[in-house]
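Chemist: Mind looking over this structure? Questions follow.
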């Protein structure tokens, strides 16, 4: 591209879009009403995802020469699935079926297979190739729902996405191979504007949520970028497959740990609860903003650590082992959280008595 006018235009376009969508969403009832596990104080428009989806695809269609039609169709299905779910809760089986259809379409239509695991000593390339479709479906649908599940406090899903996309953008620039550069810039700018609205920077009346439409779409966008970049056939590898685990560590850690905890308790792994990392931090006394800063900082540190392992050519097997060790530590923390709470309460009680 010869100029950057398209990047400059992203911000005013999405701001105007939100200002138009806000009153419409209230009239249509597309709002998140406080109830049950939800802690916000007033009905909040679920238009964040609509703005992000429209803006990214609008600029991608206008300014990217090799506009990916397969990804657009797949992401449209995921987006509409979430949008319908925002209006009226879909049955789990229908939601999963639509996600599977969308992702299989993306994998087959774009040959978006995960069959290159780098130099991991225990992965046979022939076996990886034979199970590529199944593993790709499992990994992508897992990541899509990880971003959906992490969307529990203001700004968290968007911040995790920003960290991931910024990390990928750095690696792309570092390698000198600008694959998906434009869509990453459009995504970063769109998510930053959403974050300002979501955090209430423009006032209480302008506050918005992503909704399932937004979190599912962002999850699919992240999965598409991670897989296509890590599995690219370019002569110089942009990032090792294991590095992708580091730059989405928090959503993966949290989702897998929560599901394991539910299974060990004899519950459905899909049962909603208040045991995610952000819920735990709130229970420990942090407010929403402090929890967001803490989790985002942790996610950024893990991402930087993984990138450094990649850049300085550490063994991919060592990188994976370190990642697994950190995950096991996180899992132990989640499984022992009630014991930790009791210990903290005991300390606080003894200090009060003294």
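Read-outs throughout are calculated quantities, based only on the coordinates presented, and are distinct from any laboratory measurement. Quick caveat: nothing in here was measured; it's all calculated off a predicted structure. Don't worry about glycine lacking a Cβ; one is built from the backbone with ideal geometry, like all the others, and counts go over all protein chains shown.
Chemist: Only counting other Cβ atoms within 10 Å, I'd like 218, 258, 103 sorted with the fewest neighbours first. List each step's numbers first, then the result.
Modeler: Working: 218 35, 258 22, 103 25.
Taking fewest neighbouring Cβ atoms as first place, the list is 258, 103, 218.
Chemist: Treat region 239-315 as a sphere of radius equal to its Kirkwood radius over Cα pairs and apply Stokes-Einstein at 10 °C in a medium of 1.306 mPa s; give the translational diffusion coefficient in µm²/s, rounded to a whole number. Before the final figure, lay out each step's value.
Modeler: Working: Rh = 14.0 Å.
Here the translational diffusion coefficient equals 113 µm²/s.
Chemist: For the chain, modelled as a GNM with alpha-carbon contacts under 10 angstrom, which of 16, 222, 301 fluctuates the most?
Modeler: 16
Chemist: Relative to the compact globular guide of 2.2 N^0.38 Å, what is the alpha carbon radius of gyration of the chain, as a ratio? Intermediate values should be presented prior to the final figure.
Modeler: Numbers: Rg = 20.5 Å, N = 354, 2.2 N^0.38 = 20.5 Å.
Dividing the Cα radius of gyration by 2.2 N^0.38 Å gives 1.00.
Chemist: Within a 10 angstrom radius of the beta carbon, how do 6, 316, 65 rank from fewest other beta carbons to most?
Modeler: The fewest-first ordering by Cβ neighbours comes to 65, 6, 316.
Chemist: Between 104, 20, 150, where does the largest GNM mean-square fluctuation fall for the chain, given springs only between Cα atoms within less than 10 Å?
Modeler: Highest fluctuation among the options: 20.
Chemist: Could you tell me the extents of region 129-175's C-alpha atoms along the three principal axes, largest first, rounded to whole Å?
Modeler: 39, 33, 5
Chemist: A further question follows. Can you compute the helix-only [θ] at 222 nm over the chain? Use -39500 (n - 2.57) per DSSP H run of at least 4 residues, normalise by all residues, nearest 500 deg cm²/dmol.
Modeler: Mean residue ellipticity, 222 nm, calculated: -23500 deg cm²/dmol.
Chemist: For the pair residue 332 and residue 314, how long in nm is the line joining their label points, each one 7 Å along Cα→Cβ?
Modeler: Placing both labels 7 Å beyond Cα along the Cβ direction yields 1.9 nm.
Chemist: Go ahead and set up a Gaussian network model of the chain, Cα springs under 10 Å, then flag whichever of 33, 243, 164 fluctuates most.
Modeler: Among 33, 243, 164, the largest GNM mean-square fluctuation belongs to 33.
Chemist: So what is the orientation-averaged projected area of region 288-344, using the convex hull of its C-alpha atoms, in nm²?
Modeler: With the hull built on Cα positions only, its mean projection is 4.9 nm².
Chemist: Test of understanding: ordering 100, 227, 144, 47 by Cβ neighbours within 10 Å, fewest first, what list do you get?
Modeler: In increasing order of surrounding Cβ atoms, one gets 100, 227, 144, 47.
Chemist: Taking 7 Å along the Cα-to-C-beta vector as the label spot, tell me the residue 350-residue 110 distance in nanometres, rounded to one decimal.
Modeler: Inter-label distance under the simple model: 5.5 nm.
Chemist: Could I have the simple spin-label model distance between residue 87 and residue 5, label points 7 Å from Cα toward Cβ, reported in nm to one decimal?
Modeler: Distance between label points: 3.7 nm.
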